[in-house]
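Down below is the structure, laid out as structure tokens.
The values are calculated or read from the model by the stated rules, or taken from the named source; none is laboratory data. All values derive from a computational prediction rather than experimental measurement. Every residue, glycine among them, receives a Cβ derived from its backbone with ideal geometry; neighbour counts consider all protein chains shown.
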Amino acid sequence: MARKGNAEVPQRSCLGCRTSKDKNLLLRFVQTPEMEILPDLESCLPGRGAYTCIDKRCLAAAIEQRQFKRSFKHDVTVMPAEQLIEYVSKQLLDRILGLIGLANKAGFITGGGSMVIDALRGKKKPGLVIVAMDVSEAIGSKILHAAASHHVQYRTVITKNDFGAILGKAPRSAIAVASGGFVAQLVKAIDRYKNFLGEV
């Protein structure tokens, strides 16, 4: 069991690659009363859990090797690898969209490329900049350079239309998230999503 400061961090092994990691660095899966295996992305559901790396390749390997049956020690129903990967991907993406929506309702979001750059140049810097995946190279590079030069962390995820839909406006190239609790949650959610897809 690894230690974090004076506290012990529980370790678990990935069913796909067998690597042992801190439990909070893995994806947790549980069985429903119908013996179906489903992800527990927030690790809050009761009962025994089984784990994989936050990587679709490890999940696919666990399914192909029938590791969930071995872990739970009885027959369980598991979706085909491609279907469960898609299911997990959607849940991870929905987490990001939901957090941005909550941050927007709380008044923590500034939307639009020029407004994001203005926020970066202001006295009170945002805690995070998120740039759309489909933004033009010229605009995207300008925003990312501004974020880096002002020592503000940044991520690239979802589309301009996604930002617009969440904010209830026209498509947006980027958003800035004010410093606060939403920043850490969004960074974690985005990194988990991109790690799972193999984009990091």
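Brief remarks on what is shown
- In this structure, V88 does not satisfy being outside any helix (DSSP H, G or I), modelled with pLDDT of 95 or more, β-branched (V, I, T) and surrounded by 15 or more Cβ atoms within 10 Å (Cβ to Cβ).
- Only one of the numbered conditions (1) in a helix (DSSP H, G or I); (2) under 22 Å from the mean Cα position of the chain (by Cα) is not met by S141, and that is (2).
- Criterion applied to V129, V116, V135 was being assigned by TED's automatic domain parsing to the domain that holds K169, assigned to a strand (DSSP E or B) and touching a residue at least 12 places away in the same chain (Cβ under 8 Å), and the one residue passing it is V129.
- Contact map, region 185-200: first residue in the same structural domain as T156 (by TED's automatic domain parsing) and touching a residue at least 40 places away in the same chain (Cβ under 8 Å), second residue among the acidic types (D, E) and part of a helix (DSSP H, G or I), Cβ cut-off under 9 Å, separation 6 or more or different chains; the map is empty.
- Candidates L99, L15 - the one that is in contact (Cβ under 8 Å) with a residue 24 or more places away in the chain, under 23 Å from the mean Cα position of the chain (by Cα) and in the same structural domain as H150 (by TED's automatic domain parsing): L99
- Of all residues making up region 62-83, the number that are crowded, with 19+ Cβ neighbours inside 10 Å and free of Cβ contacts under 8 Å to residues at least 40 places away in the same chain: 1
- Qualifying residue in region 47-68 (condition: in the same structural domain as V9 (by TED's automatic domain parsing), at pLDDT 95 or above, among the β-branched types (V, I, T) and within 13 Å of the chain's Cα centre (by Cα)): yes
Listed here are the residues, each with its yes/no results for (1) among the basic types (K, R); (2) crowded, with 21+ Cβ neighbours inside 10 Å.
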position	(1), (2)
A50	no, yes
A60	no, no
I100	no, yes
V131	no, yes
I139	no, no
K142	yes, no
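- Residue in region 158-185 that is surrounded by the most Cβ atoms within 10 Å (Cβ to Cβ), counting only those that are in contact with a helix residue (DSSP H, G or I) (Cβ under 7 Å, 6 or more places away or on another chain) and more than 23 Å from S136 (Cβ to Cβ): F182
- So I96, is it more than 30 Å from A132 (Cβ to Cβ) and crowded, with 20+ Cβ neighbours inside 10 Å: no
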